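Only one structure is covered here, and it is reproduced in the block below.
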Amino acid sequence: MTEKDPEQAGRTGGSKAWIVFKICGTGAVLVLLGRHIWSTWRGLAEYQWSVAPLMLCAAFVLRVLAMSYSGIVWALQVRRADITASTTRVAAGALLSRLGKYIPGKVWAVMGRGYFLSQEGPAVSSAMSLSALSQAVVVMSGLLWAIPVIPLVTGMPPWMPAVLATIPLLGLGVLHPSVLEWASAPVLRLLKRPPLRLNLSFADVIYWLLLAMTRKIPGGLAFCAFVAALVDISWFQVPLLICIAAAAGVSGLLAVFAPGGLGIREGVLILLLSDIIGPESAIVVALGWRLWTASVELLCAGGAWAWLQWSDISLDEAPAEAQGSSASVK
């Protein structure tokens, strides 16, 4: 019998512990969410369904536009890094890779986005680094959008969010390209990889952050339309609902143990919406929004996959046509 390598055994044990942690964390969240739903089950059973078809259609259109815009934002970020690539293919790759968030691990969406970008020419290491940086910027933008809703949960004075907003802004220093290159150098040296070189300035990172923050507007408006399709809301509540949607989204991203933020996003929505539209309506909206967004993501991913397949065929046919035309000239 051969003895196991201690280093390999340690990695195996660590991976098993991480899997157990994710299962326990997700299970605990689902149990707590289930208990809350069960405690309000009588109200849910008596819930009077009233759907506004026009607002539901508006929610669908806005959600598709929000998904498409998120892909365009990634393409604009890539262009800012002086990478020449097809905008539509980069955006399509971003939409298709979004399905990776439903795979346990929290890295597959980032890796998928980097992989599709690397197919357009950049080195794999550069593409993955830009994808990871983009994800960090998305999380920071979500935190900035979520800060205004903190007084709803904690009872803090209204001026406190302005103070809390300085925390993620100060965290921008960590995303400075020079800091990232310096921090990654020891790891890459250990892996015998070339050092990371980000063709970005700090102003470019700020530009990325501003672009990422604009992503929340169409997605938040889609959420507002979805809520308005089920319950009556005031137009004055739209800015607050956009912030609530952003808070739920970023909480799902930060929940490393929950694939797709399962249970976390719904719990945050129920917590923040209960005082606004009532607990029963909040549960209906939270669960319905999960199904709604997943359906739209599947639809957009299917469209992105079809576009990538068609553009691959077009790229393959272009050299053949050029060669045929040159032969005819001869």
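The values are calculated or read from the model by the stated rules, or taken from the named source; none is laboratory data. Please read these numbers as outputs of a predicted model, since none were measured by experiment. Don't worry about glycine lacking a Cβ; one is built from the backbone with ideal geometry, like all the others, and counts go over all protein chains shown.
Could you list, in sequence order, all residues of segment 278-306 that are more than 21 Å from the chain's Cα centre (by Cα) and either more than 19 Å from SER251 (Cβ to Cβ) or buried (at least 20 other Cβ atoms within 10 Å of the Cβ) (or both)?
Passing the criteria: GLY278, GLU280, SER281, ALA282, ILE283, VAL284, ALA306.
Every condition in (1) farther than 21 Å from ALA245 by Cα; (2) at pLDDT 70 or above; (3) out of contact with any Ser or Thr (no Cβ under 8 Å at 6 or more places or on another chain); (4) assigned to a loop (DSSP other than H, G, I, E, B) holds for LYS106 except the one numbered (1). Restricting attention to segment 68-117, the residues that are more than 12 Å from the chain's Cα centre (by Cα), among the aromatic types (Phe, Trp, Tyr) and within 20 Å of GLY249 (Cβ to Cβ) add up to 1.
Inspect all residues belonging to segment 188-205 and state whether any of them is of a type in the set (Val, Ile, Thr) and at pLDDT 75 or above. Taking every residue of segment 188-205 in turn, at least one turns out to be of a type in the set (Val, Ile, Thr) and at pLDDT 75 or above. Of ARG215, ARG265, ARG197, all but one fail to be farther than 22 Å from LEU76 by Cα and basic (Lys, Arg); the exception is ARG265. Residues considered: ALA132, ALA123. Of these, the only one that is of a type outside the set (Lys, Arg), closer than 22 Å to MET213 by Cβ and surrounded by fewer than 20 Cβ atoms within 10 Å (Cβ to Cβ) is ALA132.
Residue pairs whose Cβ atoms lie under 6 Å apart, separated by 6 or more positions or on different chains, with the first residue in segment 116-128 and under 13 Å from ASN199 (Cβ atoms) and the second surrounded by 15 or more Cβ atoms within 10 Å (Cβ to Cβ), are PRO122/ILE83; ALA127/GLY114; ALA127/LEU117; ALA127/SER118. Residues of segment 213-228 include at least one that is within 18 Å of ALA52 (Cα to Cα) and in contact with a Phe, Trp or Tyr (Cβ under 7 Å, 6 or more places away or on another chain). Take the residues of segment 232-275 that are touching a residue at least 24 places away in the same chain (Cβ under 8 Å) and in a loop (DSSP other than H, G, I, E, B): which is farthest from ALA212 (Cα to Cα)? That would be ILE233.
Let's see how each residue does on (1) farther than 15 Å from ILE242 by Cα; (2) among the polar types (S, T, N, Q); (3) modelled with pLDDT under 75:
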{"residue": "SER131", "(1), (2), (3)": "yes, yes, no"}
{"residue": "LEU143", "(1), (2), (3)": "no, no, no"}
{"residue": "ALA146", "(1), (2), (3)": "no, no, no"}
{"residue": "LEU152", "(1), (2), (3)": "no, no, yes"}
{"residue": "PRO157", "(1), (2), (3)": "yes, no, yes"}
{"residue": "MET160", "(1), (2), (3)": "yes, no, yes"}
{"residue": "LEU172", "(1), (2), (3)": "yes, no, yes"}
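When the criteria are applied in full, ARG98 fails the requirement of being in a helix (DSSP H, G or I), within 21 Å of GLY302 (Cα to Cα), in contact with a Leu (Cβ under 8 Å, 6 or more places away or on another chain) and touching a residue at least 60 places away in the same chain (Cβ under 8 Å).
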